[in-house]
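*Asks:* Shown below is the structure under consideration.
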Amino acid sequence: MAALVKFLHHGNAVDYKPGADVAAGDVVVLNDLVGIARLDIKANVLGALAVTGVFEFPKATGAGTAITAGTKLYWDAVAKVATATVGANKFIGKATADAADAATTVRARMSQ
């Protein structure tokens, strides 16, 4: 008989024990999973990362950086911004509002 799957929780957050201190609001990338620390997490202490919800992410500014609602967004860990460019960037979710070229942030509904 095959093993049965056991429900644990709704998955709005996942456990995370960092090797170094993580500040509230930090974006944490675990392979293809992107999470947000809602609270400070001390090094080697179990905390949690939000993996669902609507968050305001930093974005690049300047010509050609506008993002429209519904656009797929990716986390650029080098530039530390949300972007519509896939490349080596990790999927975050979709923009929930337009963000003009001059906007420094974009709202995203995370969907991991």
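*Asks:* Set the Förster distance to 25 Å, then compute FRET efficiency between Asp32 and Glu56 from the Cβ-Cβ distance, nearest 0.05.
*Replies:* Calculated value: 0.65.
*Asks:* May I ask you to list the residues of the range 34-52 whose amide nitrogen lies under 14 Å from a point 7 Å from Cα along the Cα→beta-carbon direction of His9?
*Replies:* Answer for this model: 36-39, 46-52.
*Asks:* Let me make sure I get this right: for the range 38-96, a, b and c are the square roots of the gyration tensor eigenvalues over alpha carbons, sorted descending. Under 1.5 in a/c it's rounded, otherwise prolate if a/b > b/c, else oblate. Which is it?
*Replies:* It comes out prolate by the Cα gyration axes.
*Asks:* Need the C-alpha centroid separation for the range 22-36 versus the range 44-112, integer Å.
*Replies:* Using only Cα atoms to place each centre, the spacing works out to 12 Å.
*Asks:* Once the piece of chain linking Arg109 and Ala88 is laid out straight, how much longer is it, given 0.36 nm per residue of separation minus the C-alpha distance between them?
*Replies:* 5.5 nm
Values in this text are rule-based calculations from the coordinates and carry no lab data. These numbers were taken from a predicted model, which means no experiment stands behind them. Every residue, glycine among them, receives a Cβ derived from its backbone with ideal geometry; neighbour counts consider all protein chains shown.
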